[in-house]
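Working notes for the structure below.
The values are calculated or read from the model by the stated rules, or taken from the named source; none is laboratory data. Remember, predicted model here, so these are calculated numbers, not experimental data. No Cβ is skipped: glycine too gets one built from the backbone with ideal geometry, and neighbour counts run over all protein chains shown.
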Amino acid sequence: MRNEIRKGKKICFYDNGIRNAILGNFLPLRSRVDTGALWENYLISERVKFTSNMEARPEAFFWRTTRQQEIDYIEEVGGVFRAYEFKWNPEKKAALSKTFTNAYPVKSFEVINPDNLS
């Protein structure tokens, strides 16, 4: 699609402690402004660790457009996509972009927050 950002990169760490050390920030979550980013990094790193032990490893990526539509994490296996949004605040709503669903075959979409993490 024309408005997709194709060369964007998202850097995630296997361990949020490394991220915190690089940033020099070890404040408690309630005192941080990057709690959402920590949550997203944690979930992506744990998912990557989990899928690395699977027989059929999914391709993992994120999606963003020039209009600032985005999906935090996507897994693709056999041309079928599973999309995930990560929200630290359970009250925040998230919806799957019509732009994405019109372009790609989406099997599932999940919003993961601390209240529904199992």
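Has the range 19-35 got at least one residue that is among the hydrophobic types (A, V, I, L, M, F, W, C) and closer than 24 Å to Val106 by Cα?
no
Restricting attention to the range 94-118, and to residues there that are touching a strand residue (DSSP E or B) at 6+ places or on another chain (Cβ under 8 Å) and exposed (fewer than 15 other Cβ atoms within 10 Å of the Cβ), which single residue is nearest to Glu40 (Cα to Cα)?
The extreme case among them is Glu110.
Quick grid of which residues meet (1) part of a helix (DSSP H, G or I); (2) in contact (Cβ under 8 Å) with a residue 60 or more places away in the chain:
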site	(1), (2)
Asn20	yes, no
Leu43	yes, yes
Arg57	no, no
Phe62	no, no
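Can you pull out every residue in the range 66-118 that is in a strand (DSSP E or B), aliphatic (A, V, I, L, M) and either more than 28 Å from Glu55 (Cα to Cα) or within 14 Å of the chain's Cα centre (by Cα) (or both)?
Once the filter is applied, which keeps residues that are in a strand (DSSP E or B), aliphatic (A, V, I, L, M) and either more than 28 Å from Glu55 (Cα to Cα) or within 14 Å of the chain's Cα centre (by Cα) (or both), the range 66-118 yields Ile71, Ile74, Ala83, Val111, Ile112.
For the range 1-29, what are the residues that are small (Gly, Ala, Ser) and either more than 19 Å from Val48 (Cβ to Cβ) or more than 15 Å from the chain's Cα centre (by Cα) (or both)?
If the condition is that a residue be small (Gly, Ala, Ser) and either more than 19 Å from Val48 (Cβ to Cβ) or more than 15 Å from the chain's Cα centre (by Cα) (or both), then Gly17, Ala21, Gly24 are the ones that fit.
Looking only at the range 64-75, filter to residues that are in contact with an Asp or Glu (Cβ under 6 Å, 6 or more places away or on another chain) and at pLDDT below 95; which one of those is nearest to Leu43 (Cα to Cα)?
Among those residues, the one meeting the criterion is Arg64.
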